[in-house]
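These notes are about the structure you will find just below.
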Amino acid sequence: EKGGYEHFMLKEIFEQPQTIYDCLRGRLDANAGTITMAGIQQYADQLIKANRIVMIACGTSWHAGLVAEYIFEELCRINVEVEYASEFRYRNPVINEGDVIIAISQSGETADTLVAIETAKAKGAIILGVVNVVGSSIARASHGGAYTHAGPEIGVASTKAFTAQLAVLTMMALKIAHIKGSISEERYRLLLKEMEEVPEKVAIALKQNDHIKQLADKYKDARDFLYLGRGYNFPVALEGALKLKEISYIHAEGYPAAEMKHGPIALVDENLPVVFVATKDAYHEKVVSNMQEIKARKGKVISVITEGDTTSTELSLDTMVIPETDEILAPMINVVPLQLLAYYIGVAKGLDVDKPRNLAKSVTVE
Ligand code: F6R
């Protein structure tokens, strides 16, 4: 049932080219320039007129919401807020008519997310679910939405569900932006074409497997890790750190690369691995100067970089190399080496990576 892989987590990491492909199939047609999503189309008017979109989720799904915030604001020019379900539900949140809520959940059973959307629904919000498990409670409580179609995720740490969430949320943003007219036809067409190439690029990223396994042996004894990124890659840094914590029990923190100067930089010394998500995008030069700051303080710079980026290579002790794509789509590819790094560090430490201590696959109690 593990398909020849040693653990479900590794199997699910390697399934991602297929799961992303499945998620796009029947929906995205780059040649025709169309995105078909019936459960979104139905609410297109409300989305276009929305005063704001609120993403509600927990854990890894919350990270997908953060990436989506950057994408929706850029492409759709709609104000987006991203909320931890547990905080949102208890603080008597302001919900106005015309607010659209997007609930993101792999299991569709996370108690905090479910109650949060039920509360918002009672106050008149429109709820769209981005859910993996068909027929789950959150799917049923939503007015509309789109399934992620990633198939069953058995490993407790979420991997393929995350990239499928990103694929669905990106298609939603593209669809809304196109109907609204807030994206140029040229950029829309280009992003659709690039999107179709993501499964293949994820497959290329997976070829770093053996290299990352070696990195894991080299860094497995670190006490702490710092993960840094900016823009679309900031949530990827958070996700990389969460994966490492869950699977290897090493303390890790994700931070916006520029914000590090305001505190965490005090942690940097010759023992601290600092993982930069530093692929080529509009922020790249800025990220490179953040790398220099870490290197100057003797931190061990490890970076996820775009093929051919010699500047970042020179600044790094080790690199994980990724094929180039549009910055909006990069998180789906960039997270893959970080999943592998966490996995192999957990394995190197002899831990039960499919069932980390204290964690449950779905958190149905608050
Ligand atoms: C992380 C992880 C958790 C879940 C969170 C939300 O690897 O698995 O952080 O992402 O519990 O779960 P869902 O998406 O099922 O609502």
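The values are calculated or read from the model by the stated rules, or taken from the named source; none is laboratory data. What you see is a predicted model, and the numbers here were worked out from it, not measured in a lab. So basically every Cβ, Gly included, is an ideal-geometry build from the backbone, and we count neighbours across all protein chains shown. Side chains are part of the model used for accessible areas, which takes the heavy atoms of the whole protein and leaves out ligands, DNA and RNA. Shrake-Rupley method; radii C 1.70, N 1.55, O 1.52, S 1.80 Å.
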(request) Would you list the helices (runs of 4 or more DSSP H) that sit entirely within the stretch 150-236 and hold 3 or more residues that are in contact (Cβ under 8 Å) with a residue 24 or more places away in the chain and either within 16 Å of the ligand (Cβ to nearest atom) or more than 30 Å from GLY299 (Cα to Cα) (or both)? (result) 160-180, 185-196, 198-206
(message) Could you go through the stretch 286-300 and let me know if any residue there is closer than 30 Å to VAL353 by Cα, small (Gly, Ala, Ser) and touching a Ser or Thr at 6+ places or on another chain (Cβ under 6 Å).
(response) no
(request) Please enumerate the residues belonging to the stretch 300-310 that are open to solvent by 10 Å² or more (accessible area, probe 1.4 Å) and in contact with a strand residue (DSSP E or B) (Cβ under 9 Å, 6 or more places away or on another chain). (result) LYS300, GLU307, GLY308
(request) Could you please find all residues in the stretch 19-32 being small (Gly, Ala, Ser) and within 16 Å of the ligand (Cβ to nearest atom)? (result) none
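Yes/no per residue for (1) out of contact with any Lys or Arg (no Cβ under 7 Å at 6 or more places or on another chain); (2) at positive phi; (3) assigned to a helix (DSSP H, G or I):
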position	(1), (2), (3)
GLU324	no, no, no
ILE328	yes, no, no
GLN339	no, no, yes
VAL353	yes, no, no
SER362	yes, no, no
(message) So if I check each of ASN233, ASN290, which one is among the polar types (S, T, N, Q) and under 29 Å from MET9 (Cα atoms)?
(response) ASN233
(request) Kindly establish whether THR113 is within 16 Å of the ligand (Cβ to nearest atom), open to solvent by less than 10 Å² (accessible area, probe 1.4 Å) and among the β-branched types (Val, Ile, Thr). (result) yes
(request) Go through the stretch 347-363 and give me each residue that's within 22 Å of the chain's Cα centre (by Cα), open to solvent by 70 Å² or more (accessible area, probe 1.4 Å) and more than 9 Å from the ligand (Cβ to nearest atom). (result) LYS355
(message) Among the listed residues ILE53, ILE35, ILE78, ILE101, identify the single one that is within 16 Å of the ligand (Cβ to nearest atom) and either buried (at least 19 other Cβ atoms within 10 Å of the Cβ) or under 22 Å from THR163 (Cα atoms) (or both).
(response) ILE101
(message) So, in the stretch 256-288, exactly how many residues are crowded, with 19+ Cβ neighbours inside 10 Å and more than 18 Å from THR319 (Cα to Cα)?
(response) 3
(message) Pairs needed: first member in the stretch 44-60, over 10 Å from ILE102 (Cβ atoms); second member anywhere, of a type in the set (Phe, Trp, Tyr) and not in a helix (DSSP H, G or I); C-beta distance under 7 Å; at least 6 residues apart or different chains.
(response) CYS58/TYR84
(request) Those residues that are assigned to a helix (DSSP H, G or I) and either open to solvent by less than 30 Å² (accessible area, probe 1.4 Å) or in contact (Cβ under 8 Å) with a residue 24 or more places away in the chain (or both), I need them from the stretch 311-322; list them, please. (result) SER312, LEU315
(request) Hey, can you tell me all the residues within the stretch 122-143 that are crowded, with 17+ Cβ neighbours inside 10 Å and more than 10 Å from the ligand (Cβ to nearest atom)? (result) ALA125, ILE126, ILE127, LEU128, GLY129, SER137, ALA139, ALA141, SER142, HIS143
